[in-house]
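Asks: Can you read through this structure? Questions will come right after.
The values are calculated or read from the model by the stated rules, or taken from the named source; none is laboratory data. These numbers were taken from a predicted model, which means no experiment stands behind them. Positions of Cβ are backbone-derived with ideal geometry, glycine not excepted, and every protein chain shown enters the neighbour counts.
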Amino acid sequence: MTGTLREKIGSLPDEPGIYIFLGPEGQPLYVGKARSLRRRVASYLARELEPRLERMLAEAVDLDFLVTRDEIEALELENQWIKRHHPRFNILLRDDKTYPYLKLTAEPWPRIAFTRRIRADGADYFGPFLPGGLARRAIKIVQKLFGVRTCRIEIDGRLPRPCLYYDLKRCLAPCVAGLTTAAEYGAAVERARQFLGGRTEKLLRDLRREMEEAAERLAFEEAARLRDLAAEVEAFTGGNRLSTVTGDDVDVFGVHVQKNQAAIAVLVMRGGQVIDRHELFWEGTDPVAPADLLAELLPQYYARTTFLPAEVHLPTAVAEPEALSGWLSERRGRRVQLRQPQRGAWASRLELARRNANLAFRRRFRGAETDAGALALQELLELPEPPRRIEGVDVSTFHGAQTYASLVVWQEGRLLKSGYRSFAIRGSARQDDFASLRQAVERHLGRVAGAGGASGPPDLLLVDGGRGQLNAVLEALATVGVEEIPVVGLAEREEELYLPGRAEPLRLPARDPGLQLLQRLRDEAHRFAITRHRRRRSREALASRLDEVPGIGPRRRQRLLREFGSAAGVAAASEAELARSVGPALAGRLRAWFAAADGDSARIGAGPNRE
């Protein structure tokens, strides 16, 4: 940290606001909020920081700040700066699920539109709308109340007449000169902005006042229309339901953090029902605590929605909860509480949210859990680094007559199906499991040693079996000159690990991530070997009685089996039916052959004493 930066930290005011650490080119590296700028930023020099913030301080060369009236305004400003500048060391929200939003475009004559993407285009976004049908309903209310347009046409006032929406009193028709003014339309857009932003108290008062005035004028149809609009606004924004039902409008957060990756699941409860689940993700360069993650993501999450709950349930306390609760309450117009339930039904819902976060993490970062297995194997086998590619080999045989070896691949956290291989074992090796393994490994890794291989040698080779299978693979590696490849054997009966140079097998706890990774690969190799073996046996079984018929080759045999279902079906077919498939000459030959074969069978079955 430079001396100039230390001097600026010492000169900060003892007031609320935001502070911005700047990089060498003046770019914001990190934005934070504080009740007291002086005390908060000075704490960076006095306390032990997480690695992310230590690296930020090492890069920072300057400091800027903005004073605000209170903590709530500081939180709002911090969120705006993070959205605008995307500082590298702030935790930024990532949301892969698209939700319905409404936007008021940044055009001279703004229009309201339905969207599922928030872009930095200057427009005002409102939502998300849960369930999604609320968004369409909100558009209709905005059209009824304010006459804001929905069309995409360019507005230049030159159209000769307005569309039907003007006659239905759903649009002020800025497309036709003289029907409205820029000031009138701008006021309508501003009222729509307030409505969509949840600030509906004044709007409801105005509607009721206008309804009473219409009734006094005996304009009962107009009064009824205004009454219905007020009821729609009330129903849309929650009305009295939100103030009379306590504890039923809640967002429940679950968090799963593993090293520098995290998933957050939000159970959205309205009226006591879970109406949606929201998933957020984060990937950084350093580990982060769940409390720090939530403290930075919650303002970003709630800055994107106008539908705020009465309570937010969190798995852990966050820093400065009063400021966050005050900011949420101000946005909602009613109090929003932050809670950490410890028992009862709400604690069970927190656990449900945590489980959803765990599942979301596994879906998004599929390699994270198996990476733990790779790290465990690195330590166990004393490898220079965690194995990136592990290959597993297994042998399947049927009385030594049909022997095949299978090879499966695990690479960077997932099974790589494109790397799977199957080997038909040749010669006398088919009678010997150890010889079969040697042949398969020599053929596979001989290509790697001789031609470099497309993927290179594996970082670890797993063999299904014990000491004998392990030694057979070690011999094959020596034969092809790739003895440096680490090998481990996994015996299925006792789940023991056999390692080169170790006399006794090794037994690991059932929950050991390294053992679980090897078991997964061993089971996959076994499944693949059995599947391929059965497939080939079925294929060879098709070499049926038809192979004995002169003139029937593989193509005609396949055609006959396809048309008649089996050799028995071909035998039962008439000569005319056969002729349609293979022609009259071959059909006659087939019928004669089957008749002769049936006669031989009958004579053999009759025996010498039968008449």
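Asks: Would a scan of region 519-534 turn up a residue that is outside the structural domain of LEU586 (by TED's automatic domain parsing), touching a strand residue (DSSP E or B) at 6+ places or on another chain (Cβ under 8 Å), farther than 22 Å from THR397 by Cα and at pLDDT 90 or above?
Replies: Let us first name the residues in region 519-534 that are outside the structural domain of LEU586 (by TED's automatic domain parsing), namely 519-534.
Adding the requirement that they be touching a strand residue (DSSP E or B) at 6+ places or on another chain (Cβ under 8 Å) leaves 519-522, 524-526, 528-530, 532-533.
If we keep only those that are farther than 22 Å from THR397 by Cα as well, we get none.
No: region 519-534 contains no residue that is outside the structural domain of LEU586 (by TED's automatic domain parsing), touching a strand residue (DSSP E or B) at 6+ places or on another chain (Cβ under 8 Å), farther than 22 Å from THR397 by Cα and at pLDDT 90 or above.
Asks: With the structure loaded, tell me whether PRO87 is assigned to a loop (DSSP other than H, G, I, E, B) and within 24 Å of ILE264 (Cβ to Cβ) or whether it fails that test. I'd like the intermediate steps shown before the answer.
Replies: Values: assigned to a loop (DSSP other than H, G, I, E, B): yes; within 24 Å of ILE264 (Cβ to Cβ): yes.
Against the criterion (assigned to a loop (DSSP other than H, G, I, E, B) and within 24 Å of ILE264 (Cβ to Cβ)), PRO87 qualifies.
Asks: Counting only residues that are in a helix (DSSP H, G or I) and crowded, with 18+ Cβ neighbours inside 10 Å, which one in region 360-370 is modelled with the highest pLDDT? Don't jump to the end; show me each part of the working.
Replies: So in region 360-370, the residues in a helix (DSSP H, G or I) come out as 360-364, 367-370.
From what is left, the residues that are crowded, with 18+ Cβ neighbours inside 10 Å are 360-361, 370.
On the way: ALA360: 79, PHE361: 83, THR370: 48.
Here the residue is PHE361.
Asks: Continuing with the same structure: Name the single residue, out of those in region 127-153 being outside any helix (DSSP H, G or I) and at pLDDT 80 or above, that is farthest from ALA192 (Cα to Cα). Reasoning before the result, please.
Replies: So in region 127-153, the residues outside any helix (DSSP H, G or I) come out as 127-132, 147-153.
Filter once more, so that each one left must be at pLDDT 80 or above: 147-153.
Working: GLY147: 9, VAL148: 8, ARG149: 11, THR150: 13, CYS151: 16, ARG152: 18, ILE153: 20 Å.
Top of the filtered list is ILE153.
Asks: Out of ALA173, ALA177, ALA182, I need the residue that is modelled with pLDDT of 90 or more and on the phi > 0 side of the Ramachandran plot. Which one?
Replies: Values: ALA177 fails: on the phi > 0 side of the Ramachandran plot; ALA182 fails: on the phi > 0 side of the Ramachandran plot.
Criteria check complete, one pass: ALA173.
Asks: For region 43-79, what are the residues that are crowded, with 16+ Cβ neighbours inside 10 Å and among the β-branched types (Val, Ile, Thr)?
Replies: THR68, ILE72
Asks: Taking strands (runs of 3 or more DSSP E) that fall entirely within region 244-348, which contain at least 1 residues that are at pLDDT 90 or above and in contact with a Pro (Cβ under 7 Å, 6 or more places away or on another chain)?
Replies: 250-258, 311-313, 337-339
Asks: Kindly list the number of the only condition in (1) touching an Asp or Glu at 6+ places or on another chain (Cβ under 8 Å); (2) free of Cβ contacts under 8 Å to residues at least 12 places away in the same chain that fails for LEU49.
Replies: Condition not satisfied by LEU49: (1).
Asks: OK, next. Can you tell me which residue is surrounded by the fewest Cβ atoms within 10 Å (Cβ to Cβ) among those in region 228-243 that are modelled with pLDDT of 80 or more and of a type in the set (Gly, Ala, Ser)?
Replies: The selected residue is ALA231.
Asks: Something else about it: What are the pairs with Cβ atoms under 6 angstrom where one residue, in region 17-35, is in contact (Cβ under 8 Å) with a residue 24 or more places away in the chain and within 20 Å of LEU298 (Cα to Cα) and the other, located anywhere, is among the hydroxyl-bearing types (Ser, Thr, Tyr) and in a strand (DSSP E or B)? Sequence gap at least six, or different chains.
Replies: GLY32/TYR19
Asks: Which ones in region 488-497 are touching a Phe, Trp or Tyr at 6+ places or on another chain (Cβ under 9 Å) and either not assigned by TED's automatic domain parsing to the domain that holds GLU524 or not small (Gly, Ala, Ser) (or both)? Don't jump to the end; show me each part of the working.
Replies: Step one: of region 488-497, the residues touching a Phe, Trp or Tyr at 6+ places or on another chain (Cβ under 9 Å) are 488-491.
Hits for region 488-497 are VAL488, LEU490.
Asks: Please work out if ALA357 is of a type in the set (A, V, I, L, M), over 30 Å from VAL252 (Cβ atoms) and surrounded by 15 or more Cβ atoms within 10 Å (Cβ to Cβ). Let's see the steps before the verdict.
Replies: Numbers: of a type in the set (A, V, I, L, M): yes; over 30 Å from VAL252 (Cβ atoms): no; surrounded by 15 or more Cβ atoms within 10 Å (Cβ to Cβ): yes.
No: the conditions fail for ALA357.
Asks: Name the single residue that is farthest from PHE89 (Cα to Cα) among those in region 1-42 being surrounded by 12 or more Cβ atoms within 10 Å (Cβ to Cβ) and of a type in the set (Ser, Thr, Tyr).
Replies: SER36
Asks: A further question on this structure: Answer yes or no as to whether ILE72 is under 36 Å from the mean Cα position of the chain (by Cα), part of a helix (DSSP H, G or I) and over 25 Å from GLU283 (Cα atoms).
Replies: Working: under 36 Å from the mean Cα position of the chain (by Cα): yes; part of a helix (DSSP H, G or I): yes; over 25 Å from GLU283 (Cα atoms): yes.
When the stated conditions are applied, ILE72 passes them.
Asks: Can you tell me which residue among ARG354, ARG334, ARG343 is closer than 24 Å to GLU76 by Cα and not polar (S, T, N, Q)?
Replies: Going through ARG354, ARG334, ARG343 in turn, just one is closer than 24 Å to GLU76 by Cα and not polar (S, T, N, Q): ARG334.
Asks: Moving on to the next point. Going residue by residue through region 210-223, is there one that turns out to be aliphatic (A, V, I, L, M), over 14 Å from ARG111 (Cα atoms), surrounded by 14 or more Cβ atoms within 10 Å (Cβ to Cβ) and within 40 Å of the chain's Cα centre (by Cα)?
Replies: The answer is no, given that none of the residues of region 210-223 is aliphatic (A, V, I, L, M), over 14 Å from ARG111 (Cα atoms), surrounded by 14 or more Cβ atoms within 10 Å (Cβ to Cβ) and within 40 Å of the chain's Cα centre (by Cα).
Asks: How many of the residues in region 479-497 are within 37 Å of the chain's Cα centre (by Cα) and either acidic (Asp, Glu) or surrounded by 16 or more Cβ atoms within 10 Å (Cβ to Cβ) (or both)? If you could, list the steps in order and put the result at the bottom.
Replies: If we filter region 479-497 for residues that are within 37 Å of the chain's Cα centre (by Cα), which is where we start, we get 485-497.
Next, only the ones that are either acidic (Asp, Glu) or surrounded by 16 or more Cβ atoms within 10 Å (Cβ to Cβ) (or both) stay: 485-492, 494-497.
Total satisfying the criteria: 12.
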